[in-house]
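This report concerns only the one structure given below.
The values are calculated or read from the model by the stated rules, or taken from the named source; none is laboratory data. Every value quoted in this text rests on a predicted model; they were computed, and no experiment measured them. Cβ placement follows ideal geometry from the backbone for every residue including glycine, while neighbour counts extend to all protein chains displayed. Keep in mind that these areas ignore ligands, DNA and RNA; they rest on the heavy atoms of the full protein, side chains included. Shrake-Rupley method; radii C 1.70, N 1.55, O 1.52, S 1.80 Å.
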Amino acid sequence: MDPFQESLQENIGFEGDEDPSTFEEFLDPEEYIDLGHLFTTDRIFSSKDELVEWAKQIAMNAKIFLIITRYQRARTFDRRPYVTLACERGGSVRKYKKLLVDDEEKEIPKKKRGPYGTKKCSCPFKLKGEQMATSENWQLFVHYERHNHKIAVYSHGHAQAARLTEEQLQQTEQFRKSHIKRDRMQGRNTVEEVLRLSAERGYTVFYRNSEDNNVLSDIVVAHSTSIAMLRTWSYVLIMDTTYKTNKYSMPLLECVGMTPTAKNFTVAIAFMCNERATTYRWILQQIKH
């Protein structure tokens, strides 16, 4: 059946007696969003991976996300290698699960879930990449160009959007290997080495000792570029604390600023002895000055 001709109830695939027309996120078939023009291209791709990466990047820029639903690797006498891409919200909720009972396969009803228990809404959007008959290159074709749900306003927080790039993975690995080496400290303790490396790499460090035993209690690290950005865009400052992320079990505070283009930047990080108001006040005073 043509997915555009299905009723709204069948397209959304809700379980139970819910009326899908009451949920504004899903659209009537006549209002399906057409994004096929974004993927209509004469471009020739050198490999399947290049084609998939290009399509996913175009989709991500449009605030939609694609997944691979089918892939044939080998070339046969009547079919060329191909890959099928679909909206991540394609397909429907399975109402039954198959179990093997006494050597017989039976369908057992699944536990009923509400309409927000899944992202699936039978979105018919589909692309197909196929290897050319005369070469090893690939072409992309649009099979169904429309979505039956509203497009996300923001892509932040989505698994695909938050995935690290190859460059970021390499940088993370570099950070992992850059722990302070004892043989390079030349008699300095850990705190002295942190202060030396911070000054060497353009960071400003603020710290204070406990009045009782003169032990380091709080330390704030901020880069000069971050401080300059904060002075320019000081209207929004977000603070968040994580726990037990270090061997000393000290709360780790991260201060984040925001530019007028909705881009975040790290202002400073701080290790705190406690979360009292006086400690937060001291940290903010150091950042301010």
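Observations on the model:
- Of the residues Thr232, Thr245, Thr278, the single one that is farther than 19 Å from Val194 by Cβ and within 30 Å of the chain's Cα centre (by Cα) is Thr232.
- So Tyr144, is it within 30 Å of Tyr248 (Cα to Cα) and surrounded by 11 or more Cβ atoms within 10 Å (Cβ to Cβ): no
A quick yes/no check of all residues on (1) part of a strand (DSSP E or B); (2) among the aliphatic types (A, V, I, L, M); (3) in contact with an Asp or Glu (Cβ under 6 Å, 6 or more places away or on another chain):
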| position | (1), (2), (3) |
| --- | --- |
| Ile238 | yes, yes, no |
| Thr241 | yes, no, no |
| Ser249 | no, no, no |
| Leu253 | yes, yes, no |
| Val256 | yes, yes, no |
| Ala268 | yes, yes, no |
| Glu275 | no, no, no |
| Ile283 | no, yes, no |
| Ile287 | no, yes, no |
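Yes or no, residue by residue, for (1) modelled with pLDDT of 80 or more; (2) part of a helix (DSSP H, G or I); (3) among the charged types (D, E, K, R); (4) farther than 30 Å from Ser122 by Cα:
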site: His156; (1), (2), (3), (4): no, no, no, no
site: Ala161; (1), (2), (3), (4): no, no, no, no
site: Leu169; (1), (2), (3), (4): yes, yes, no, yes
site: Ile180; (1), (2), (3), (4): no, no, no, yes
site: Thr204; (1), (2), (3), (4): yes, no, no, yes
site: Val220; (1), (2), (3), (4): yes, no, no, yes
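- Extreme residue, surrounded by the most Cβ atoms within 10 Å (Cβ to Cβ), among residues of the stretch 188-209 that are hydroxyl-bearing (Ser, Thr, Tyr) and within 33 Å of the chain's Cα centre (by Cα): Tyr203
- When Leu35 is tested against the conditions (1) at pLDDT 75 or above; (2) open to solvent by 40 Å² or more (accessible area, probe 1.4 Å), the lone failure is (2).
- Any hit, the stretch 82-94, residues being over 26 Å from the mean Cα position of the chain (by Cα), at pLDDT 80 or above and not in a helix (DSSP H, G or I): yes
- Of the residues Glu166, Glu173, the single one that is surrounded by 10 or more Cβ atoms within 10 Å (Cβ to Cβ) and out of contact with any strand residue (DSSP E or B) (no Cβ under 7 Å at 6 or more places or on another chain) is Glu173.
- Single residue of Asp183, Asp240, Asp212 found to be among the acidic types (Asp, Glu), open to solvent by 80 Å² or more (accessible area, probe 1.4 Å) and within 29 Å of the chain's Cα centre (by Cα): Asp240
- Flag if Thr279 is touching a residue at least 40 places away in the same chain (Cβ under 8 Å), farther than 29 Å from Lys181 by Cα and either open to solvent by 40 Å² or more (accessible area, probe 1.4 Å) or among the β-branched types (Val, Ile, Thr) (or both): yes
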